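Asks: One structure, pasted below without further comment.
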Amino acid sequence: MTFATPHPPDDNGCDSLNVVALAVLFAPFYLNDFANVYIHDWRTWLAIDYIFVKALPLLLVSWMVKRRQLSRAVLAYRMGSMRAVFMTLLLATGIGVFLDQNGYAAIAALPGYSALGGMPGIPLPAVNWFDLTVGLAFVGLVEETVFRAVLAELLMHSEDSGIVVTTVVSSLAFGLIHWSAGLHVVIVTSAIGAVFMLIYLRWRALAALALAHAIVDFVDFADVVPKQLFKIL
């Protein structure tokens, strides 16, 4: 298997990246879980989520691209060839759903900690379905942009990084944004993050990967597709 070469930033590469901007870019994902723990009003929770975990990261990435701290390719969301799109969508969706629906049973015997909180229920059906469709589409887009495209660009240009380091760092960074859901969730989402990064490095079809991410989440949260179809454990 060969991997696509990342696009270099337009200016001085990752050495010119603003550390403060990076901290602000990644911080909302980790801080958002405090809303899971402490915010019980669904309207407040949604406002925090859409402003700070959807809109803000995309604005920050756009700002970093404008300042030539990131390559414009990060925001291209190119689909790639039909083969790249097909393989990305097929593998990411299939493996992602499989891990999400079977991973917890596989590691059930491992010690951990219970979920510290979660998203409040949305009592209005129209708002709930908006969040399960448009909202999850934005989740896939934003998280794949940040934890795959941006991290790949930063890490693959470092002298100390390669495919293995990039995959491990992305995996852990992505898993840990789910810290409030419990250790088992962190482990399973880390595994999914590793697979998604390998798929991204191979085909660079970011839009297809974002769609696969949204599908995995939709299967898990929407209770429309029977989950038993995917369970073998």
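Asks: Out of all the residues in region 32-53, which are in contact (Cβ under 8 Å) with a residue 40 or more places away in the chain, assigned to a helix (DSSP H, G or I) and open to solvent by 50 Å² or more (accessible area, probe 1.4 Å)?
Replies: The answer is 34, 38, 50.
Asks: Next question. Give the residues of region 63-80 that are free of Cβ contacts under 8 Å to residues at least 60 places away in the same chain and open to solvent by 50 Å² or more (accessible area, probe 1.4 Å), sorted by residue number.
Replies: Within region 63-80, 63, 66, 67, 68 meet the criteria.
Asks: Does at least one position in region 171-190 carry a residue that is more than 22 Å from residue 30 (Cα to Cα) and in contact with a Ser or Thr (Cβ under 7 Å, 6 or more places away or on another chain)?
Replies: No, region 171-190 has no match at all.
Asks: Where in region 86-184 are there helices (runs of 4 or more DSSP H), lying wholly inside it, with at least 1 residues that are closer than 30 Å to residue 41 by Cα and within 14 Å of the chain's Cα centre (by Cα)?
Replies: Answer list for region 86-184: 136-144, 163-176.
Asks: For residue 54, only one of the following conditions fails: (1) within 20 Å of residue 144 (Cα to Cα); (2) of a type in the set (Lys, Arg); (3) modelled with pLDDT under 95. What is its number?
Replies: Going through (1) within 20 Å of residue 144 (Cα to Cα); (2) of a type in the set (Lys, Arg); (3) modelled with pLDDT under 95 one by one, residue 54 breaks only (3).
The values are calculated or read from the model by the stated rules, or taken from the named source; none is laboratory data. Every value quoted in this text rests on a predicted model; they were computed, and no experiment measured them. A quick note on method: Cβ atoms are made from the backbone with ideal geometry, for glycine too, and the neighbour counts reach across all protein chains shown. Remember, those area values only see protein heavy atoms, side chains included, never the ligands or the DNA or RNA. Shrake-Rupley method; radii C 1.70, N 1.55, O 1.52, S 1.80 Å.
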